[in-house]
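Read through the structure below, which is laid out as structure tokens, and then see the notes.
Derivation of every value follows stated rules applied to the coordinates shown; laboratory data play no part. Predicted model only: the values in this text are computed from it and were never measured. Cβ: placed from backbone, ideal geometry, glycine included. Neighbour counts: every protein chain shown.
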Amino acid sequence: MSKVVIIMGSKADLEWANSIVEVLHLFEIQSVVRIASAHKVPLKCYNLIKEYEKENVVFITIAGMSNALSGFTDAQTHCPVIACPPYSDKFGGADLYSSIRMPSGVAPLTILSPENAALSAAKIIGLTNAAIKAKVVEYQEKKRNELEEADNKLNC
């Protein structure tokens, strides 16, 4: 497992997907970005899931409003699924309910930040890939150092 497959509900989600891809590149993780709506093209979506799961990938799904994509993807695969829905002020956060309320047996992780979705995928891959694990440890250390530097600057 060393690839992340990002499935977007529509091309409107491309900027969000690119934010995830950018962070995945820091970990040197290969990614594939596809468009397949669980509502509009469920058979295409299903076929993509079945095609990529043969590689034991991590899926990251991006769909807002009524996010059937994340639950649909998770219910069709044994691979980890991370839902990373783009937040919209338009619905006052209510659009996120479709990402966090899932039926029994359907368990995509929901992570709102593209950076953190990529980090979580890297951690999952790092369980079986020592090189990725080392990059995760380095990344976390860098984040801790940034906080220490900021604190030191305030207290000088």
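If each residue's Cβ is checked for other Cβ atoms within 10 Å, how do Lys153, Lys50 rank with the fewest at the top?
Lys153, Lys50
About the Cα centre of the chain, how large is the charge dipole given +1 on each Lys and Arg Cβ and -1 on each Asp and Glu Cβ? Please answer in debye to the nearest 20.
Around 480 debye, computed over the chain.
Which far-off residues, 5 or more places away or on another chain, put their amide H under 5 Å from the one on Ser31, with H placed in the peptide plane?
Val4
Extension gain Glu55-Gln140, at 0.36 nm per residue separation less the Cα-Cα distance, in nm?
27.9 nm
Please report the base-10 log of the normalised intensity I(q)/I(0) for the stretch 1-45, using a Debye sum with one equal scatterer per alpha carbon and no solvent, at each q in 0.13, 0.20, 0.22, 0.26 (1/Å).
-0.31, -0.64, -0.73, -0.89
Near Val137, within a Cβ-to-Cβ distance under 13 Å, what is the net charge of the other residues, with Lys and Arg +1 and Asp and Glu -1?
Value of the local net charge: +4.
Quick one: Karplus J couplings for the stretch 13-25, per residue in order, coefficients 6.51, -1.76, 1.60, θ = phi - 60°, nearest Hz, x for Gly and Pro?
Running phi through 6.51 cos²θ - 1.76 cosθ + 1.60 with θ = phi - 60° gives 8, 4, 4, 4, 4, 4, 5, 5, 4, 4, 6, 4, 5 Hz.
If packing is taken as the average count of other Cβ atoms within 10 Å, what order do 31-41, 70-80 fall into, highest mean first?
Result, highest mean Cβ count within 10 Å first: 70-80, 31-41.
From the phi of every residue in the stretch 63-69, what ³J(HN,Hα) in whole Hz does the Karplus formula 6.51 cos²θ - 1.76 cosθ + 1.60 yield, where θ is phi - 60° and glycine or proline is x?
Whole-Hz 3J(HN,Hα) from phi for the stretch 63-69: 7, x, 6, 10, 7, 6, 4.
Specify the longest stretch of the chain that does not include any exposed loop site, a site being one of the GluC sites (Glu not before Pro) with a non-H, G, I, E, B DSSP assignment and at most 13 other Cβ atoms within 10 Å.
Result for the longest clean stretch: 56-156.
Could you give the length gained by full extension between Ser88 and Cys156, i.e. 0.36 nm per residue of separation minus their alpha carbon distance, to one decimal place?
20.5 nm
Taking just the alpha carbons, could you work out the radius of gyration and Dmax for the stretch 1-82, both in angstroms?
That works out to 11.7, 33 Å for Rg and Dmax.
Using the C-alpha atoms of the stretch 83-137, what convex hull volume per residue, in cubic angstrom, is computed?
Residue-normalised Cα hull volume stands at 73 Å³.
By what distance, in whole Å, do the Cα atoms of the chain stretch along each of the three principal axes, largest value first?
58, 39, 29
Which net charge results when you count Lys and Arg as +1 and Asp and Glu as -1 among the other residues whose beta-carbon is under 15 Å from that of Met65?
Here the charged neighbours net out to +1.
Which FRET efficiency, nearest 0.05, do Asn47 and Ile100 yield, Cβ-Cβ r, R0 25 Å?
According to the calculation, E is roughly 0.40.
Obtain the nm distance between the two label points defined at Asn116 and Leu147 by a simple spin-label model: each point lies 7 Å from its Cα along the Cα-to-C-beta direction.
Label at Asn116, label at Leu147, 1.3 nm between them.
Do any of Lys11/Lys44; Lys44/Lys133; Lys11/Lys143; Lys54/Lys135; Lys11/Lys54 go past 23 Å between their Cα atoms, and which?
The answer is Lys44/Lys133; Lys11/Lys143; Lys54/Lys135; Lys11/Lys54.
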